[in-house]
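**Q** I am attaching a structure below and will ask some questions about it afterwards.
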Amino acid sequence: MLATAASAVPTLPADPDAPAATAPGVLPPQIAYIEVLDAEIPAMTPAPPPLAAPATARALQPLGESTALADEGLRLGKVDLFKGGKLLLTNGVTTVEGSSGGGLARWATIGGRQMPGGIGVSAHATAVELPDYGWRSYGVAIGLGDRVELSYARANFDTRDVGALLGIGQGYTFNLDTFGAKLRVAGDLVYGESWLPQIAVGIEHKRSADGALVRALGAADDEGTDYTLSATKLLLAQSLLVNATLRYTEANELGLLGFGSAAGAGYRLQFEGSLGYQLSRRALVGAEYRSKPDNLGLGDDDWIDIFAAYALTNNLTLTAAYVDLGSIATFSDQRGGFLSAQVAF
């Protein structure tokens with residue numbers, strides 16, 4: 001490489017001060033320089049014979065200082081960590097269970113802003129305010145290339161005055177841990193054939209921290225696993241995002257009230273759908289629907305939302321929504337506000 005760079009530069013008269021190891025008329029080796037552009041060197045008057053005629057040479061620019069962690073992320077060996085490159089919002093926002101997607105529905109997207117071959121990460125905090133309940137959740141997701149997603153979320157569900165009415169105590173808070181994994185198996189969210197969406201399979205293993213209580217309420221178990229199949233496509237020409245997810249689950253209120261029922265109700269197939277319109281490269285509005293089983297016979301309803309997501313920066317996205325969660329544990333008309341912040345690299 002040094003020989004190529006040196007041969008592209010015209011020779012100069014011998015320098016009497018040059019080191020003895022350097023042959024007359026040859027530039028010393030140029031180290032830590034890169035070729036950046038072609039430049040025409042005009043004739044000089046008067047000029048030494050070697051430069052009497054125009055010549056083409058490579059202009060050289062010194063390499064700047066570099067560090068392991070810069071605007072382009074952190075590079076370890078051949079792996080790029082936290083080097084964002086995805087189009088804005090194409091990594092989704094964060095669901096209430098911690099995976100990438102919409103607020104309520106899981107999508108086939110992979111969390112983090114990394115490109116194939118890289119590693120990315122996202123973290124979120126979510127609050128849902130309802131007339132009788134309060135939801136708080138937080139968590140983290142890791143994206144391995146644009147292929148695998150691993151996630152964790154902790155949810156706290158405050159029963160407020162309802163706790164006293166249900167006999168479990170004023171302000172009793174249910175706690176749920178969700179461990180998720182997702183694998184993209186086909187397609188691409190943005191590129192490729194418009195008829196072929198990005199398709200991902202996944203699991204979410206959930207553990208209730210209130211085992212004795214959820215069993216007393218009629219649940220069969222305090223932990224369980226959901227299985228999902230998602231298909232998501234962003235149609236750039238129409239600025240439309242479409243998602244459909246099938247979820248095989250036995251979770252009661254996402255798992256907050258345990259899994260299955262002592263009476264024998266168990267796994268059922270549920271549907272989650274999302275439809276969004278991209279107002280700009282930073283803004284997305286839409287609606288979601290999510291069906292849920294009613295294993296405990298408490299009259300639990302399906303969920304819907306109308307949302308707006310906005311990327312304030314390349315790394316920070318805010319999502320606000322109006323949610324209608326229907327009846328929860330016999331208390332109806334649970335409609336309110338949803339707010340979530342996600343940081344992604």
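**Q** Want the number for Tyr277 to Asp301: 0.36 nm per residue separation, take away the alpha-carbon distance, what's left?
**A** 6.0 nm
**Q** Work from the charge dipole of region 221-283 (Cβ charges, +1 for Lys and Arg, -1 for Asp and Glu, about the Cα centre) and give the residue of Ala237, Tyr277, Ala251 farthest towards its positive end.
**A** Ala237
**Q** Another one. What is the dipole size for region 203-287, taken about its Cα centre, with +1 at each Lys and Arg Cβ and -1 at each Asp and Glu Cβ, in debye to the nearest 20?
**A** Rounded to the nearest 20 debye, it is 500 debye.
**Q** With the crude spin-label approximation of a point 7 Å out along Cα→Cβ, what separation in nm comes out for Ala262 versus Arg136?
**A** My value for the distance between the label points is 3.2 nm.
**Q** Enumerate the calculated ³J(HN,Hα) couplings along region 309-316 in order (Karplus 6.51 cos²θ - 1.76 cosθ + 1.60, θ = phi - 60°), each rounded to whole Hz, writing x wherever the residue is Gly or Pro.
**A** 10, 9, 8, 5, 9, 5, 10, 10
**Q** For every other residue with a beta carbon closer than 14 angstrom to the beta carbon of Ala231, add +1 if it is Lys or Arg and -1 if Asp or Glu, then tell me the sum.
**A** Around Ala231, the surrounding residues sum to +2.
**Q** Find how much the distance from Asn315 to Ala181 grows on full extension, using 0.36 nm per residue of separation minus their present alpha carbon separation; answer in nm with one decimal.
**A** 46.0 nm
Taken together, the values in this text are just the output of simple stated rules run on the coordinates, not laboratory data. Every value quoted in this text rests on a predicted model; they were computed, and no experiment measured them. Glycine also receives a Cβ, built like all others from the backbone with ideal geometry; neighbour counts cover every protein chain displayed.
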